[in-house]
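A short write-up of the structure that comes next.
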Amino acid sequence: MNAKHHELCASDEWAGTVKDHIIPWILEGAELGDDVLEVGPGPGRTTGVLQAMTPQLTAVELDPLFAEPLARRFAGTNVEIIQADATELPIPDGRFSAALSFTMLHHVPSPELQDRLLAELARVLRPGGILAGTDSLDSEAFRELHEDDICVPVDPLTLPARLAAAGFTDVQVDTNPYAIRFRARKR
């Protein structure tokens, strides 16, 4: 994540947007259950909101520069931070009731690795477990924010088939002018 992107994602403005708009849009009507996985929390603005929504939250973050401060911040709470690659989760099959991904899939360096991540989420979900998430729609402004950064936009037209191939059913993909919202259940 480049410095400009990091500044935005760590800002109080972004935290307000996450709390007031993004999480309600993504989780509208969803039951998360008792043990939730969040992938790619970055600076943890989503994690702070999700913490109050479930008895147990596990956040997997690849970058130790984010994972270590998050682990300190959430020590002694219902949140566990794991520094790991979400395409190879060090988590047993069928553990989680829900898995969540907030505006991070485009940071995964290829569509093939994105698909591997989606398959890993299916693996660690219980049968019937919910996957819910969002990512930004591709645009010039989106690309500018990611200058000198990994940016592999997710195509909303191909996402339903990709989710089905990863092991999900009841796939729903919606867009607004800025973002993709997706939801599915593990077969």
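No lab work stands behind these numbers, since they all come straight from the coordinates. Note that the coordinates shown come from a computational prediction; the quantities given were computed from them, not determined experimentally. As a convention, Cβ positions derive from the backbone with ideal geometry for all residues, glycine included, and neighbour counts pool all protein chains shown.
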Margin query: If the only charges are +1 at each Lys and Arg Cβ and -1 at each Asp and Glu Cβ, what is the size of the charge dipole of the chain around the Cα centre, to the nearest 20 debye?
Written below: 660
Item checked: Amide H contacts of Glu38 (H built 1.01 Å from N, under 5 Å, at least 5 apart or other chain) -> Thr58, Ala59, Val60, Leu100
Checklist line | Amide H partners (placed H, <5 Å) of Ala179, local residues excluded | finding: Leu137
Check: With +1 on each Lys and Arg Cβ and -1 on each Asp and Glu Cβ, how big is the dipole of the stretch 50-109 about its Cα centre, in debye rounded to the nearest 20?
Finding: 240
Next item on the list: Please work out the Cα center distance from the stretch 133-187 to the stretch 1-17, rounded to the nearest Å.
Entry: 20
Checklist line | Total charge dipole magnitude, the stretch 3-73, about the Cα centre, Cβ charges on Lys, Arg, Asp, Glu only, Debye to nearest 20 | finding: 220
Note to self: Using only DSSP helix segments of four residues or longer, with each worth -39500 (n - 2.57), what per-residue ellipticity at 222 nm results for the chain after dividing by its residue count and rounding to 500?
What the structure shows: -9000 deg cm²/dmol
Next item on the list: Could you check what % of the DSSP bridge pairs in the chain are antiparallel, to the nearest 5?
Entry: 40
Margin query: Once you order the gyration tensor axes a ≥ b ≥ c over the Cα atoms, which shape class does the stretch 1-65 get: rounded for a/c under 1.5, otherwise prolate or oblate by comparing a/b with b/c?
Written below: oblate
